[in-house]
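Structure first, then comments.
The values are calculated or read from the model by the stated rules, or taken from the named source; none is laboratory data. If you're wondering where the values come from, they're calculated on a predicted model, not measured in any experiment. All Cβ positions, even for glycine, are placed from backbone atoms using ideal geometry, and neighbour counts span all protein chains on display. Please note that ligands, DNA and RNA were not included when accessible areas were found on the heavy atoms of the full protein model with its side chains. Shrake-Rupley method; radii C 1.70, N 1.55, O 1.52, S 1.80 Å.
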Amino acid sequence: MSDRSGANLDIVSSETSTANSAIIMSDDRKAIVELDPDHPGFRDAEYRERRNTIAQIAIDHEPGSPVPDAPYTKEEHEVWRIICDNMAPAHQKHACSAYLEYAERLDLPKDRIPQLREVSERVQQLSGFVLEPVAGLVQPKVFLSTLGQGTFLSTQYIRHYSTPMYTPEPDVVHELIGHAAMLANPRFAELNRLMGQAAKRTETEEDVERLGRVYWYTIEFGVLREEGEVKAYGAGLLSSYGELEAMVKAEHRPFSTEAMMALPYDVTQYQPVLFCADSFDHMESTLTEYLTSWYA
Ligand SMILES: [Fe+2]
């Protein structure tokens, strides 16, 4: 089975954004999620109502307080189960050992969508990171800077049940299957923190864009070598069956933050170029040096 995810990233730059949803606020402060006509859920009034409710949870949420449960339906829990079933063998084949180890420790349920609250509590126990709800896409600098406080801004809705292997926007599958296990790994959580602190020090739009590209080619689409094989540690790869399969055929370039900063990406296609680290240690030490010297 193949899938396509049009936006495996939680941040998108304005010129490459393909997000086909937007949040507007009514006069009485009620969130309304606008979907484009080609969104799989566009004609489903109940789905749209649920999206409004879930967006409202994020808007009303006070940072630090427990996240209220999202109202998922039986069909939506089934979407999660189908995805877990499909992804499990792909992860065994393509995910790096750091992911597999922490996915096991995190132990997300396979038969129902876990609530953000319970995943956040577990991730916090393992690495100190927390997940907070966000209604929709946020500005790159805001999203990245929040990582510096040990907080990952996460969507809570799930893709429309008619297309279990496709989403035009990052959803709870991407956040929890892609990001949460890596954020539960204390060494990777620290890299996310350093990324956020670097973003906060950034002074120009151009440099936010350059740093955003490094985020894209590492935390979202990073690969590394383990015993001679290319393995994924990026959430955009780990949350998409199609991306994981395409990863093997991509061009693998040497791990260079200079080269990443210079290479724009296209969120609408499988990534044709990936930057491959020699090992987890190599990725960690190179990124740490880069991020700590950024605007230092
Ligand atoms: Fe992401």
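Between Asp36 and Ser285, the simple label model (points 7 Å from Cα in the Cβ direction) yields a spacing of 4.4 nm.
Report note on the peptides 225-236, 168-179, 56-67: ranked by the mean count of other C-beta atoms within 10 Å, highest first, their order is 168-179, 225-236, 56-67. Across segment 167-177, coupling constants 3J(HN,Hα) worked out from phi with the 6.51/-1.76/1.60 Karplus curve, θ = phi - 60°, read 9, x, 8, x, 10, 5, 5, 4, 5, 8, 7 Hz, and Gly and Pro carry x. Taking a label point 7 Å from the Cα of Glu121 along the Cα→Cβ vector, which residues of segment 46-61 have an amide N closer than 20 Å to it? Counting only backbone N, you get 57-58, 61. Estimated at 0.36 nm per residue, the fully extended path between Glu101 and Gln149 surpasses their Cα-Cα distance by 14.8 nm. Whole-Hz Karplus ³J(HN,Hα) for segment 275-280, in order, using 6.51 cos²θ - 1.76 cosθ + 1.60 and θ = phi - 60°, x for Gly and Pro? Couplings: 9, 9, 7, 5, 5, 4 Hz.
The packing ranking, built from the mean of other Cβ atoms within 10 Å per residue, places the peptides 153-164, 92-103 in the order 153-164, 92-103, highest first. Spin-label model, Val138 to Asn86: label points 7 Å out along the Cα-to-beta-carbon direction sit 2.9 nm apart. Accessible surface area normalised per residue over segment 4-293 is 42 Å², counting heavy atoms of protein chains with a 1.4 Å rolling probe.
Sorted largest first by accessible area at a 1.4 angstrom probe radius, with every protein chain in place, the residues Lys110, Lys141 fall in the order Lys110, Lys141. 3J(HN,Hα) along segment 62-76: 9, x, x, 8, x, 7, x, 5, 8, x, 7, 9, 4, 4, 6 Hz, from the Karplus curve 6.51 cos²θ - 1.76 cosθ + 1.60 with θ = phi - 60°, whole Hz, x for Gly and Pro. Estimated translational diffusion coefficient (Stokes-Einstein, Kirkwood radius over Cα pairs, 4 °C, 1.567 mPa s) of segment 4-293: 68 µm² per second. Annotation: amide H-H contacts under 5 Å for Ala95 (H modelled 1.01 Å from N, sequence separation of 5 or more, or interchain): Ala232. For the chain, DSSP calls about 40 percent of its internal beta bridges antiparallel. Taking only protein heavy atoms and a 1.4 Å probe, the accessible area of the chain is 49% carbon and sulfur. Number of Lys-Lys pairs in the chain with C-alpha atoms under 14 Å apart and a separation of 8 or more places or on different chains: 4. On full extension, the segment bounded by Asp69 and Ser26 gains 13.2 nm, given 0.36 nm per residue less the C-alpha separation. Here's how it looks for Cys276: its modeled amide H is under 5 Å from those of Arg253, Phe255, which are all 5 or more places away or on a different chain.
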